[in-house]
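Quick notes on the structure that follows.
Bear in mind that the values in this text are calculations on the coordinates, not laboratory data. Model, not experiment: these values are computed from the prediction. Cβ sites come from the backbone with ideal geometry, for glycine too, and all protein chains shown count toward neighbours.
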Ligand SMILES: CC(C)(COP(=O)(O)OP(=O)(O)OC[C@H]1O[C@@H](n2cnc3c(N)ncnc32)[C@H](O)[C@@H]1OP(=O)(O)O)[C@@H](O)C(=O)NCCC(=O)NCCS
């Protein structure tokens, strides 16, 4: 049974959220010492991963960094969220390959949505690769709507790819 436990500097109490298989998972705060593990997950899960330098900058910044851990305290997912000027901007969200398809991405997104609401944001915004069908399905089924396209926004292995810009009102 998976039980989700929430951590955040803001939501300070650890609370069970939901159950799935037989594994406990927890949300925890991103820490500088996680850099190598996050970078490895990034390499494992993206065709064109963020560099270690970008991840380091995100950890150092005042973005909300969140990690998803299993009961062995291994990091199985992570996200960076920027909240500013009523806007909550999802910069990265990843669930490790071996753990995908169990509902963790949806729970992670719900957690991040609540983090944005707690920070009094009115809009949840993100960019997603045009080719990333899984993520687009997740975001659309979560209530995000397409509001624009950034042409050639992402690098690919062979060139550039458009980003789909999506938003959701935070009520
Ligand atoms: C995108 C990602 C976070 C989704 O995480 P996940 O734990 O697999 O997602 P969930 O199991 O919660 O599934 C949520 C929804 O995603 C979509 N989805 C999941 N797997 C899918 C698949 N194989 N094919 C199509 N859609 C799929 C479905 O809409 C699903 O909802 P449903 O189960 O109600 O049908 C994960 O695939 C990932 O980390 N990918 C690599 C990094 C990445 O692309 N991040 C997004 C950057 S914008």
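Panel order for 75, 43, by other beta carbons found within 10 Å of each beta carbon, from fewest to most: 43, 75. According to the calculation over all Cα-Cα pairs in the chain, the P(r) per 10 Å bin from zero is 10, 38, 41, 11, 1 %.
Among 142, 27, the order by Cβ neighbours within 10 angstrom, fewest to most, reads 142, 27.
Defining a contact as two alpha carbons under 8 Å apart and six or more residues distant in sequence, what relative contact order in percent does the stretch 71-110 show?
Numbers: 33 pairs, mean separation 12.6, N = 40.
In percent, rounded to a whole number, it is 32.
Between 85, 121, 94, which gets the highest mean-square fluctuation from a Gaussian network model of the chain, Cα cutoff 10 Å? Of the options given, 85 has the highest mean-square fluctuation.
Quick check on the stretch 4-169: of the DSSP beta bridges with both residues there, what percent are antiparallel, nearest 5%? Numbers along the way, then the final one.
Numbers: 34 of 40 bridges.
The antiparallel fraction comes to roughly 85 percent.
Sequence-distant contacts, meaning Cα pairs under 8 Å at least 6 residues apart, place the relative contact order of the chain at 15 percent.
Taking 33, 87, 42 in turn, the Gaussian network model of the chain (Cα-Cα springs below 10 Å) assigns the largest fluctuation to 33.
When each of 133, 83 is scored by the number of other beta-carbon atoms lying within 10 Å, the sequence from fewest to most is 133, 83.
Sort the stretch 83-134 into rounded, prolate or oblate with this rule: let a ≥ b ≥ c be the square roots of the eigenvalues of the Cα gyration tensor; rounded if a/c is under 1.5, and if a/c is not under 1.5, prolate when a/b is larger than b/c, oblate otherwise. Since a/c reaches 1.5 but b/c is at least a/b, the shape of the stretch 83-134 is classed as oblate.
Go ahead and estimate [θ] at 222 nm for the chain from helices alone: -39,500 (n - 2.57) per DSSP H run with n ≥ 4, summed, over the residue count, rounded to 500. Intermediate results must be reported in sequence, preceding the final value.
Details: 4 runs with 44 residues, N = 171.
Estimated from H runs of four or more residues: -8000 deg cm²/dmol.
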